[in-house]
Structures are given as structure tokens and as C-alpha cells.
């Protein structure tokens, strides 16, 4: 069989894997943003107890690999009766990982709001909540956009690790096919193309966003 | 019976085997980091040179390693090196090579970012006292850039260490692969052993990575405070 | 006797171990304009920031309008509505239009009706000649314009005291005059009580009823404005005036 035929034949399978990668990424990213925002707000408002818990979670999540987190979810937890299917494990793991990255992204934005802006806000008598609502959050969110976008790309790439718990996303699809038919060149090519289609446009958008924010789409 | 499960770690040579696996992991990470960081600095410096072609080629290199997930990079090299290029390397060397090239790509971007953010008048004052290009980089730009980007570099190190967890995918006998074997061999006797084995691997990674990222964070914080006066 | 707006007694401030303000005592009466002068690093800005609760102090008392301030963030937040402050870095909020910058305090903090607040904001904008920019964003304005808006933003709260911290220090020379004129008018026409930190000696001489001369965190002399520039009482102040090329 020619390479072209091999590729054509595998196309439907890759399409499935592609869609699954996108779908899992999307859920993972949305979940991560929600978790990250909550953690970041708990930190910003120095909420007692919950703020500490969030800080500990962020450190644990950031300093351990996704693969180990997934193994834990997939193999270790069922021993105690928490049994999730592979895809749920993947999503939960990705959100567990991504939540901390997103939290750090938001934190960076909030911290990036200049001290003089905060003081000016205080000087006109804004309360803590008002300061957050009118000064820190609007500017901080804008500042954190590049970090959030970079995290999205990171999380999409991390879905490739789902292959270890046999979720049939892009990487798993390619590795399965290689295992069955021993045609690594063609399938690896398809795999790279699959990720390139998703990630090249995103990475171009990220570059533009970084420039925008760096050159102060809004300097005061 | 969660408590009895922990004994799986003390059964036979299990714990020693796990640490042996960890050593393989650390070794690969260390060699890859040394090679990658050095190559990365060189590439980063080259990326600030005026040649457009050079910059374009290096940018492509960076984007390739940045866009393709590391898992995929590992398999690309694992399959393509022997098949297309006739290079037959053991799996742990393939992994070292991939991590080193990936580290170099990321590092080149960190170094370039730092170099171009050294204020222009520093570069000009250096040239004004007659420094050659090499001297300018050696004495003025690189020292300033290094201190500027140390936190980012440490964060890159923690990322590389975390990424070594992928070694098991190409059958390197790293800590996770050893862990899997231990779990399988002791499954009958210790049904909850899996929790403790993966638990200790979890802790191992955390113990290595947390101090590094704490250090990087502290440096960043200090810098922010200084910038704010 | 005129009403006392601010009174500072035995104020001491440290940055960790560094003693930056030593036993500061002074008061400011209603309608009075006090200039804080002194070399850079003398503690002028730190002092003025203490009066608005932006810097904590370790000892001493600040009395505002006859009431001793208990230095807790919640109290300061209330008092700041009565004290307008303008900074060197003007710092308009980049995410809000000029008008929204001005309305933020009156509407959100003081709960004035939006209509009433807008009407008085527009009046103030007229006075500084920037009414046409009310819907512009800060990035569309020049430095001098931004600083004038920052003054309006502080005035919109109807403060009883205005603090000016080197408000012309980061402006181009040709912008300085316009900003200083607004402050002078405020002193003369509105009889506003003000404390001004500045390096513009001509301006200080023109508006200051009284001068506090600071060096190394101590008040070395308090002199009537008209007198300070002619016959300063301390040699240090004399040397300072000479060095300012005044």
C-alpha cells in the first residue's frame, strides 16, 4: 500500500481522535478557568481557611506531573471505591492540573496592576471590594490574557498524555495504529498535522495578544 | 485495609527499586538540562543577531518544539531516528536527546527575551567604550540577562523534571515504570499497594519540584517589590 | 480663630529600622495653603501619604476636623472621601473614560445620583477646559491633561482638604503652568485648604501661606510663606533655596 492510501484509510480514525482531543481540551480549559478563577479570588481576598487550602492545592498541582496525577485517579482511587471511566479521569486530571496554572495566570494579572493605581483608587475612598471591581479586576484580567492563552495551549498539549489511560484521542489513535500496522512514518505525520491544525492558529493568536498587552493597549 | 497497603513499599527490594528508577529519571533530566540550557543560551544569543535567515530558522526550530506535544516528540525520535537515519540509540538516550533539544528551544526564547529587554543605552554605552560584539555579550548583556531570567529558567527546569514522567511511554525504566512493575508483582498480596506506590512517586516529584518553584517565585516577588519601590 | 482641619502630633515613622519621620508636629487651618519643601529624600512625600492613610505610622496622632483618627483601613476609607489627593503619576484608570474616572468616587463611594454627579463633574471639567474630552479614554490625553483630570477627579468628592504630591514632577515643562494655575485658582477662588509637596519654588512662593521645611525626616522650620523665601530662619533652608536656584 502506498503512503497516501494508508493515510486515507486512517483518516476517519484520526478525525475521531481529533474531535475527542478538541472536546476534552475544551471541557478541561473551561473547568480550569473556573477552578483557577475561584482559587485566585480566594487568594486575592485572603479568605481564611479556604484561601490556604487553595494555595496548597495550587502548589501540589503545579509541582507534580499530569501523568502521575492521572495514574493516581485511574489506578489508585478505584481501590477505595472511587471509580471513574478513563475519559472522566482525563477531564478531572486536566482540570486538577489546569486549575493551578490558570490561578497563577489570574494572580499574575492582578499583581501586575500597578501600586499607584491601587493607591489612587484608595485615595478616592473606594472600599476593598470596589477597588477590586473597578480598578484591579478590569485591568488585571486584561494583563492575564496572554498567560491564560498560553495555558490553553499547554493544556491542549497535555491531553496527549491521556494515551496512558487509553483514551482514544489523537496520540492514542496514532500509537494504536502504529502498533497494529507498523507504518510509523505515515501515522506520526498525521499526528503532527493534527496537533499543528489546532495549535498553530492558537499560537499565532497568543503572539498577537502578548504584543498587545505588552505595548499597553491601554497605558494610562 | 488501607494501612496494610503501605507495607508494599517495604516488601523485598521494592523501595530500593523505586529509588533506582528515580535515579534514572534524575540522570536523564540532569544531562538533558545541562546540554539543553547551554545550547539554549547559544541559540538565544544567535536569535538576537541581525541575520534574518538565521533568526527565521531558529524561530522555526522553537515553534516546532513548542507546538508539538512532548509525548509526540518522544515518539517521533523513537521511531524516526533508527528507521530514517539508521541511528540506533537506547531509549534513555533518545529521551535525553529529545528533552535536551526541547529545553534548548524553550531556553533560547527565555534568553532572547532577556537580551532584548536589556535597555538600549546599555548596549550603546558598551559599544561607545569600544567593546567588540563578543565582549558586549560577555560582559554587559549576558550577565544582565541571566539575572533577569533566572526565575523563568528555574521554572523551565521544573517543567523538564515533570516531563520526565513521560519516559515510561518509550519503555525507559524510570520511576513510574518501576512503580508499575512493583504494583503488578504485588497486586495479590497488597490490593491497596497501588495507592502507596503511586503515592510515593507523587511525593517524590513534589519534593524535587516544589523547592525549585518556591525559589523562583520568591525571586519574582522580590523583583516585583523592588520595581514598585 | 479659624477652624483646624488637620493636626499632626508627635508622628513617627519607620521603614523597618530606618527612622524616616521624626516627631512631626503641625496643624493646618481651614483655607490655609501649606507647602512642604525640602531636598529629595527628606520625607515630604512620606509625610503627605501618612495624612491619607496610604503609609502606616508607628507613633503619634493625626486629627482630622477635630476627630482623632484611629488608624485602621476601614476608618481611612471613610476619611479619604473628605481628603482629595493627587499624585505625581496622575494614574487615571485606563479602563474608564474621563467622565467615569471622575464619577467613580461620587457615585460608587458617596452614592450621589448619577445625574447630579455628572452635572458637577461637567462643571469642573469646564473650569479646567477639558469638557470636550469627557468621553475620551486616558490614553488619548497628554500628560498635562491627565493631571488636570486627576485633580478634577479628586475635587469631585467635595473634599475639605486637598493633598498634592509633586503633581508637576513628571510633566513636560510647557504643561506645568496649566496645572499650577488650576491649583492657584483653587486656593484663591475656592479658598480650598491644601497641603502641597513641590519642587517649583516660584509656585510655592506664590500660593503658600506657610512653609514647612523638612530635612532628614524632621521639620526644621515652619515659616510664613511670604517670609520663608525672603528670610529663611535656618541655614539649611537658606542653603536649600540657594541650591534650588531661587
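Things to note:
- Residue match in region C:124-135 (condition: within 28 Å of residue C:4 (Cβ to Cβ), in contact with a helix residue (DSSP H, G or I) (Cβ under 9 Å, 6 or more places away or on another chain) and assigned to a loop (DSSP other than H, G, I, E, B)): no
- Only helices (runs of 4 or more DSSP H) whose full extent lies in region A:108-168 are considered here, and the ones with at least 3 residues that are touching a residue at least 24 places away in the same chain (Cβ under 8 Å) and either touching a strand residue (DSSP E or B) at 6+ places or on another chain (Cβ under 9 Å) or within 14 Å of chain C (Cβ to nearest Cβ) (or both) are A:137-158.
- Residue satisfying all of: in region C:196-221; within 21 Å of residue C:127 (Cα to Cα) and in contact (Cβ under 8 Å) with a residue 60 or more places away in the chain; surrounded by the fewest Cβ atoms within 10 Å (Cβ to Cβ) among these: C:207
- With respect to (1) modelled with pLDDT of 95 or more; (2) surrounded by fewer than 20 Cβ atoms within 10 Å (Cβ to Cβ), the lone exception for residue B:59 is condition (1).
- Residue among C:116, C:187 that alone is more than 14 Å from chain A (Cβ to nearest Cβ) and in contact with a strand residue (DSSP E or B) (Cβ under 7 Å, 6 or more places away or on another chain): C:187
- Remark: residue B:82 falls outside the filter, which requires a residue to be more than 14 Å from chain A (Cβ to nearest Cβ), surrounded by fewer than 18 Cβ atoms within 10 Å (Cβ to Cβ) and free of Cβ contacts under 8 Å to residues at least 60 places away in the same chain.
- Just one residue in the set A:205, A:200 is farther than 14 Å from residue A:90 by Cβ and more than 12 Å from chain B (Cβ to nearest Cβ); that residue is A:205.
- Selection of strands (runs of 3 or more DSSP E) fully inside region C:1-100 by the criterion of at least 1 residues being within 14 Å of chain A (Cβ to nearest Cβ) returns C:59-64, C:83-86.
- Criterion violated by residue B:93 - all others in (1) within 30 Å of residue A:183 (Cβ to Cβ); (2) surrounded by 14 or more Cβ atoms within 10 Å (Cβ to Cβ); (3) touching a helix residue (DSSP H, G or I) at 6+ places or on another chain (Cβ under 8 Å) satisfied: (3)
- Residues of region C:137-165 classified as in a helix (DSSP H, G or I), away from every other protein chain (no Cβ under 11 Å), free of Cβ contacts under 8 Å to residues at least 40 places away in the same chain and surrounded by fewer than 24 Cβ atoms within 10 Å (Cβ to Cβ), total: 2
- Residue B:179 meets all of the listed conditions (1) touching a helix residue (DSSP H, G or I) at 6+ places or on another chain (Cβ under 8 Å); (2) farther than 24 Å from residue A:176 by Cα but one, namely (2).
- Subset of region B:60-78 that is touching a helix residue (DSSP H, G or I) at 6+ places or on another chain (Cβ under 9 Å) and over 15 Å from residue B:166 (Cβ atoms) - its residue that is nearest to the other protein chains (Cβ to nearest Cβ): B:67
- Of all the numbered requirements in (1) surrounded by 19 or more Cβ atoms within 10 Å (Cβ to Cβ); (2) within 22 Å of residue A:142 (Cβ to Cβ); (3) at pLDDT 90 or above, residue C:85 misses one, and that requirement is (2).
- The sole residue among B:171, B:165 that is at positive phi and either surrounded by 22 or more Cβ atoms within 10 Å (Cβ to Cβ) or touching a helix residue (DSSP H, G or I) at 6+ places or on another chain (Cβ under 9 Å) (or both) is B:171.
- Scan of region A:133-182 for residues that are in contact with a helix residue (DSSP H, G or I) (Cβ under 7 Å, 6 or more places away or on another chain) and at positive phi, ordered by number: A:166
- Count of residues meeting criterion [surrounded by 20 or more Cβ atoms within 10 Å (Cβ to Cβ) and under 12 Å from residue A:11 (Cβ atoms)] in region A:181-199: 4
- Filtered residues of region C:167-192 (kept if crowded, with 20+ Cβ neighbours inside 10 Å and not in a helix (DSSP H, G or I)): C:167, C:168, C:171, C:192
- Tally, over region A:53-85, of residues that are touching a residue at least 24 places away in the same chain (Cβ under 8 Å), more than 7 Å from chain B (Cβ to nearest Cβ), buried (at least 20 other Cβ atoms within 10 Å of the Cβ) and within 17 Å of residue B:202 (Cα to Cα): 6
- Unmet criterion (only one of (1) at pLDDT 95 or above; (2) over 20 Å from residue A:147 (Cα atoms); (3) within 18 Å of the chain's Cα centre (by Cα); (4) surrounded by fewer than 20 Cβ atoms within 10 Å (Cβ to Cβ)) for residue A:88: (1)
- Residue within region C:15-29 that is crowded, with 20+ Cβ neighbours inside 10 Å and closer than 25 Å to residue C:190 by Cα present: yes
- Only residues that are surrounded by 14 or more Cβ atoms within 10 Å (Cβ to Cβ), out of contact with any helix residue (DSSP H, G or I) (no Cβ under 6 Å at 6 or more places or on another chain) and closer than 20 Å to residue C:28 by Cβ were counted across region C:223-246, and they come to 5.
The values are calculated or read from the model by the stated rules, or taken from the named source; none is laboratory data. Just so we're clear, the structure is a prediction, and the values are computed from it rather than from any experiment. Counting neighbours? That spans all protein chains shown, and the Cβs are built from the backbone with ideal geometry, glycine included.
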